[in-house]
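Read the figures in this text as sums done on the coordinates, not as results from a lab. It should be emphasised that the depicted structure is a prediction, and the values quoted were computed from it without experimental measurement. All Cβ positions, even for glycine, are placed from backbone atoms using ideal geometry, and neighbour counts span all protein chains on display.
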Amino acid sequence: MYNNFRIGRKMIQISNCFLALTIQPEEGWFSLQPVEQKLPGVEHARLGIEIAGEGRQRQIPGKSWNLAGWREEELASPHGRLQQVVLETGRSHLGLACRLTFALAEEQPFCLWKVRLSNQGQHPQRIRRIALLDAARLVNLAGNAPAFHVNGWQSWSFSATYAAHERPRVTRLGALQPRLHYEPQYRSPGRFGSDFYGVLGDRQQRCGLLLGFLSQKQHFGTLAADLRRTPSLRLWANGDDARLDPGAEIETDWAVYLPLHLDEDDPLAPYLAAVARENGARLPETIPVGWCSWYQYYQNVTATDIHKNLMAVERMKDELPLQVVQLDDGFQRQAGDWFDFSPGFSEGIAGLAAEIRQRGLTPGLWLAPFIVHPKARLVREHPDWLLRNRLGLPVTAGYIWDGFTRALDLTHPDALAYACRVVKTAVKEWGYPYLKLDFLYAGGLPGKRRDPTLTSAQVLRRAMEAIRQAAGEETFILGCGAPLGSVVGLVEAMRIGADVSGNWKPRQYGLERPFENEPGMPAVRNALQNALTRANLHGRWWLNDPDCLLVRPETRLTLAEVQTLATVIRLSGGLVMLSDDLERLPDDRLRIAKMMVPVIGQRPRVLDWFDSRSPQRMRVDLEDNHGKRYLLAWINWEDQPCQVFIQLRDFRLPDGTYRLREVWSGVESEWSADAPFNRRVAAHGCLLLEIQPREG
Ligand code: 9PG
């Protein structure tokens with residue numbers, strides 16, 4: 001229930017049983033105070049609007065909100081009944097007026113707010129940033145161990161929790177890399193930028209606060225943290241200098257503040273669930289299990305390879321039941337020229353889909369509808385479809401497939417129609433009900449578009465809505481290389497990390513040294529990082545895809561590394577896709593693949609998600625006719641073997657005696673509080689324990 005709505009002489013205040021919100025329009029600030037005393041609050045937070053060409057001016061709404069009026073409103077929403085305070089400001093000297101909406105939901109422990117700008121002047125204005133929280137004083141966050149959890153912009157972006165002294169992991173490859181962060185890119189220790197949402201907390205005090213957005217339909221959202229002195233946070237919506245014409249309006253997505261206890265089982269749950277509701281997340285009941293061509297054949301794949309593996313899938317169906325057979329990159333002549341097939345697929349790909357379907361399996365196809373290879377025919381035939389910069393030069397979407405790729409300007413109706421036609425043809429004519437749509441970030445890159453009134457986030461969201469419609473409701477869409485917030489509600493599954501590869505660390509041109517710290521390049525280490533740090537998104541925003549399992553002995557992965565990959569993929573609860581030549585797998589490696597099914601499906605707990613850059617501990621609770629069981633994983637990220645002592649409380653397990661089986665060695669023993677478990681774990685290896693409380 002809400003407490004009474006109060007307005008003092010100058011203050012407006014509302015509260016629910018979790019939070020109190022105080023607004024002081026004359027002085028232009030608001031404060032958020034959790035009812036629970038120990039949780040972090042925010043005091044004297046300011047709003048601001050930055051206009052292109054006006055320097056760093058932030059006068060609107062500025063130090064005083066120049067209130068033209070305010071009202072209280074009640075509204076039904078996906079989050080329950082919202083108690084809103086709506087404030088209108090007068091026009092600024094630029095002719096801009098703001099509407100500020102603050103909201104508390106009856107049963108939710110967070111506060112929402114948003115800003116609407118309307119141009120009531122004579123001239124167009126270009127909006128650079130809308131600050132939703134600035135210059136605030138953080139209260140009850142006075143511990144000695146501040147840390148910040150960073151979420152990356154898109155699937156492949158490194159996501160992690162950093163301590164104050166740590167340096168964010170960023171690429172050194174510049175424009176060679178696909179874009180991994182929207183902005184900004186801090187490189188020095190203690191400063192961090194996070195996309196969509198982030199969490200500031202204290203590792204000793206065990207509490208923190210999440211700030212972010214509920215959706216990314218209007219703007220890409222950024223949260224910046226500075227931990228060099230007293231921790232501070234800034235939250236803003238990126239306006240991308242999109243033009244706001246006289247008479248036009250733009251409103252931010254809901255900003256959100258959630259105070260939290262770090263040691264709760266699922267501390268971000270209220271936020272994650274709210275994002276799912278806000279965007280109408282799509283959660284299919286069955287989790288795809290299948291085979292993907294990429295990490296075995298790469299672009300050299302041929303129809304014969306697919307056929308051979310399809311036969312192997314069929315032959316092994318009893319011991320290894322795979323459902324999806326997914327053709328990846330390589331069937332097309334060039335990314336962008338989707339209707340021209342490569343020599344390995346001279347007959348096209350409709351026949352393959354039919355063949356897969358005839359065997360009772362689901363044909364899957366990779367497409368990258370928003371990115372274009374520089375050598376594609378499309379570049380020559382439709383130069384006006386390409387996204388360009390201010391100088392009129394095509395924007396690069398990264399150095400991929402041996403070329404500086406281009407992006408489509410999806411505000412060009414013909415370019416968008418083409419992307420949609422590709423997707424529709426794949427589903428309706430070629431017969432693929434499962435699509436892996438890749439390099440989607442290319443649709444949301446900064447650039448000068450044909451329609452200059454839209455933000456990059458608006459362009460990408462609208463394009464994805466059009467793609468969803470073209471694919472039809474029944475099609476299973478796996479998003480990849482996609483900004484997270486932009487696709488919630490539009491995809492069934494989502495790649496949440498970098499690519500795997502046959503290497504633990506990134507390696508290129510036979511070299512490891514220059515690339516080993518690259519956070520977004522293909523490598524098992526990079527893929528697993530996000531499989532852990534984004535494990536909590538699974539089953540909420542979509543099904544997580546932790547990327548493929550490679551088990552063949554011909555990679556550079558040690559057996560221990562293969563086991564770690566298999567462990568994290570299995571415990572993540574998400575998609576399980578194999579990417580080896582199934583005809584040539586030796587029995588001992590096939591055995592690892594078989595252990596992946598049936599899939600677990602459930603979302604795991606990552607117990608130390610806030611406590612180190614790369615979390616080590618996962619736990620899955622299972623219950624069946626035989627009672628309660630737990631799967632526990634402990635990962636050694638180090639380049640050397642280590643001796644590990646683990647205790648029940650490291651996994652927050654109830655006291656007692658457990659029967660324990662080490663899945664990778666088959667060794668069985670007993671484990672209890674008095675008998676800590678200790679083992680040697682290989683470099684990059686892991687423990688996978690299956691434990692069961694002993695009765696009596
Ligand atoms: C197909 C692949 C696979 C893979 C995707 C995506 O050059 N690059 O920076 C680069 C990054 C990612 C990438 C390929 C190249 O992988 O994640 O599963 O489908 O495309 O090309």
Q. Under unit Cβ charges (Lys, Arg +1; Asp, Glu -1), what dipole magnitude, rounded to 20 debye, does segment 347-439 have relative to its Cα centre?
A. 80
(Q) Residue by residue through segment 519-524, what is 3J(HN,Hα) from phi via Karplus (6.51 cos²θ - 1.76 cosθ + 1.60, θ = phi - 60°)? Round to whole Hz and write x for glycine and proline. (A) x, x, 7, x, 4, 4
Q: Assuming a ≥ b ≥ c are the square roots of the Cα gyration tensor eigenvalues, decide whether the chain counts as rounded (a/c under 1.5), prolate (otherwise, with a/b larger than b/c) or oblate.
A: oblate
Q: Please work out how much length the chain gains when fully extended from E107 to R167, using 0.36 nm per residue of separation minus the C-alpha to C-alpha distance, in nm with one decimal.
A: 17.8 nm
**Q.** Per-residue [θ]222 nm for the chain (sum of -39500 (n - 2.57) over DSSP H runs n ≥ 4, rounded to 500)
**A.** -4500 deg cm²/dmol
Q.
Please state the shape class of segment 193-293: rounded when a/c is under 1.5, otherwise prolate if a/b exceeds b/c and oblate if not, all from the C-alpha gyration tensor.
A. oblate
Q) Using modelled backbone amide H atoms (1.01 Å from N, in-plane), which distant-in-sequence or interchain residues come within less than 5 Å of F677's amide H? A) I646
Q: Multiply the residue gap between E638 and A466 by 0.36 nm, knock off their C-alpha separation, and tell me the result in nm, one decimal place.
A: 57.4 nm
Q: Could you list V500, V379 in order of exposure, starting from the residue whose Cβ has the fewest other Cβ atoms within 10 Å?
A: V379, V500
**Q.** Inter-label distance for D624 and R81, nm, one decimal - labels placed 7 Å from Cα along Cα-to-Cβ
**A.** 4.6
Q: Quick one: compute the contact order of the chain, relative version, from alpha carbon pairs under 8 angstrom and 6+ residues apart, as a percent.
A: 10
**Q.** FRET efficiency, 1/(1 + (r/R0)^6) with R0 51 Å, evaluated for Q37 and E183 via beta carbons
**A.** 0.90
Q | Highest average packing first - 614-626, 240-252, 130-142, Cβ atoms within 10 Å | A | 130-142, 240-252, 614-626
Q) What aspartates and glutamates sit close enough to K317 to cross-link, taking a C-alpha to C-alpha distance under 20 Å and skipping anything fewer than 8 places away on the same chain? A) D305, E355, D580, D581, E583, D587, D588
(Q) Give the lysines reachable from K114 as a straight Cα distance under 28 Å; neighbours fewer than 8 places away on the same chain don't count. (A) K10, K38, K63, K217, K448
Q | Amide proton proximity set for F439, modelled H, under 5 Å, gap of 5+ | A | C480, G481
Q.
What distance in nm separates the two pseudo spin-label positions at R421 and Q120, each 7 Å out from Cα along the beta-carbon direction?
A. 4.6
Q: Would you mind calculating the gained length between E26 and D588 on full extension (0.36 nm times residue separation, minus the Cα-Cα distance), in nm to one decimal?
A: 195.2 nm
Q: Quote the FRET efficiency, to the nearest 0.05, computed for E668 versus T558 with a Förster distance R0 of 25 Å and r equal to the Cβ-Cβ distance.
A: 0.50
**Q.** Rounded to whole Hz, the Karplus (6.51, -1.76, 1.60) HN-Hα couplings of segment 498-506, x for glycine and proline
**A.** 5, 5, 7, 6, x, 10, 6, 10, x
Q. Using the count of nearby Cβ atoms within 10 Å as a rough guide to exposure, how do H219, H79, H165 rank from fewest to most?
A. H165, H79, H219
Q. For segment 225-371, what class follows from the C-alpha gyration tensor (a ≥ b ≥ c being the square roots of its eigenvalues): rounded when a/c is under 1.5, otherwise prolate if a/b is larger than b/c, else oblate?
A. prolate
Q: Would you mind working out the magnitude of the charge dipole of the chain relative to its Cα centre, with +1 at each Lys and Arg C-beta and -1 at each Asp and Glu C-beta, to the nearest 20 Debye?
A: 1740
Q. Given labels modelled 7 Å from the Cα in the Cβ direction, how far is it in nm from T304 to E74?
A. 7.2
